[in-house]
Structure formats: C-alpha cells, structure tokens
1. What list of ³J(HN,Hα) values in whole Hz, one per residue of segment 281-288 in order, does the Karplus curve 6.51 cos²θ - 1.76 cosθ + 1.60 (θ = phi - 60°) give from phi, with Gly and Pro shown as x?
2. If you average 1/r across every pair of different Cα atoms in segment 156-280 and take the reciprocal, what Kirkwood value do you get, in Å?
3. So what is Rg over Rh here for segment 233-287, counting just Cα atoms and using Kirkwood for Rh?
Amino acid sequence: MATVTPISSIFSTSSASKSSSTLSHCPSKLTLKTHQTHKQSTLTRREFLKGLAFMPLILSPPPSEAREVEVGAYLPPSPSDPSFVLFKASSKDTPALRAGNVQPYKFIIPPTWKQTRVANILSGNYCQPKCAEPWVEVKFEDEKQGKIQLVTGNVQPYKFIIPPTWKQTRVANILSGNYCQPKCAEPWVEVKFEDEKQGKIQVVASPLIRLTNKPNATIEDIGSPEKVIASLGPFVTGNTYDPDELLESSIEKRGDLTYYKYVLETPFALTGSHNLAKATAKGNTVVLFVASANDKQWQTSEKTLKAMLDSFEV
C-alpha cells in the first residue's frame, strides 16, 4: 500500500541528516549549522506554499472567458467620446450572434482549392427570405489541406458605448437562448453589463414573428411606439408593464433604420424604478436595448444612461 509522507516530515528528516553530518565533522558549529538548515527548510516550505497560492493566477482563464472584469480593460475607446468604450457584438459574444445576417464578406483561398456544391437542404434556398435556422452560404475544400464554409444566421450585430468601469455579467442559461437557438420562439437576453453605483443595461432580442407575420418588417410595420412597448414592456421591467408607466416616447431615424425610444418610470419593476429603452427591427429580429437604475443610481447617472441609450445602433 502506498503511503504519503507529510511535508513537515520530509523537512525534519532533511534537517536531521544534515545536522548529523555537521555533528560528525565539526561539533563546535552544531548550533549554527542546525539553525541555518532549519531556516533554509522553512524558507523552502514557505516558498512552496506561496507558489500554491499563486497557482490560480497562473492558470486563470483566457480573457474571452473571464467574468467580472472592467470593460475598459479589453474594449477600445469610443471614437465619439473617449470617456466611454465601444462594445460591438460579434459571433464570440452571444449564442444568437454566432454568424449574423449575411453581410458582404471576403477571405483568401489557396489557388488550388475548389468550390463545392452546397446541398439544397443546407443552402437556405427552401426558406429564404425567412429562414428560421442558419444556412451554409459557400463551401471550398482541398483534399490535402481541408475545407471551409461560411454559415450565417438571423441576428444582426449591434454596438453601444459603456463607461470603462462597468462590468459584463453572466446571462443565465435559461434567459440566454442557449436552449432554443437557432429557432427561439420567445425573446432572449443577449448581453448584460452593470455598475453598482450607476445601474445596468441589457440587450434583448425577439423573433420578429412574435410581433408580426410580415417577413423582414420594419419597426413601423409592427406598429406605433405604444404598441411595440406594450409587447416588449415586460422585458424592460422584468415583470409586468403598465401603460401609465410610459412617460415619454420618441422616434429616431438612423441610416436605413427607425428606432423607437422610451422613458419609463416603473416603481414596481424588478429591473429598477427608472428604465430607458430603445427598439428597432432588422432582418428577422427585433432588438431592444434597456438601461435601468434605482432612485439613488438615477440621481447621479441619468445623463450617462441616456448617452449609452443614444449610442445604441444595429
């Protein structure tokens, strides 16, 4: 049977053997040598234990997997306002953005590679322009080197600015859409950020078909600002929505898209007593940006939250 020798025993044995050796060769220096050997052993053990304490730092997860890190540590400054950083969603960030809608794209291929046919069932031909699942755009391969393919889905990338001290927080799996992608029937939370002194924000995505049967509908096609917030209000408050909570609504044009903006006072909301929201529709998805704060946070961060809301675009 294998046995384990305590670390203290190893060090004490080492000290004893060295002390014996010292005793036989130079008895007059017994006390000094024994003390030095014990001190050396103690330092070695201390360094060993200290090394163990630093192991979690050495083996920490890569930045892409890290949580609770200030966004200023890894996001670039906003070109429009250097006091903020810019978050631009990509395929790394959320389940729904693994590819995004088809955008102009480019890549290089060795001249010996060949383009291969995409099976009709995978190409999206049977479901365009209202595919509920991702499809394969193109495929290339080389029998000696491998193959590549471009797969696309249904959610457009989006971006907004955040103060550099805010932190991204984990989205619960049941809310993230992991369980239903790429064919979610209900809205899901894309990303969440917060600061305990200023408030929190989140991006919620909803299948367009939940609000209208018209393919590729604009936000205007869905209805008025009041009609849209009536459908999405519970995802702003975290529980229920009362039309009396809507203080202000407005319409903003940006490029080819129209955005509906809202200011809400929600004393019974789970998200906070003050909520700002901004919604638009693109492709097969309605995207909703929500900024929330309690009364104390709102007093000092109203201007910051509104700046973040204004910066949101798809």
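1. 10, 8, x, 10, 9, 9, 10, 10
2. Evaluated over segment 156-280, this radius sits at 15.6 Å.
3. Details: Rg = 12.2 Å, Rh = 11.9 Å.
So for segment 233-287, dividing Rg by the Kirkwood Rh gives 1.02.
Read the figures in this text as sums done on the coordinates, not as results from a lab. Remember, it's a predicted structure, so these values are computed and weren't measured experimentally.
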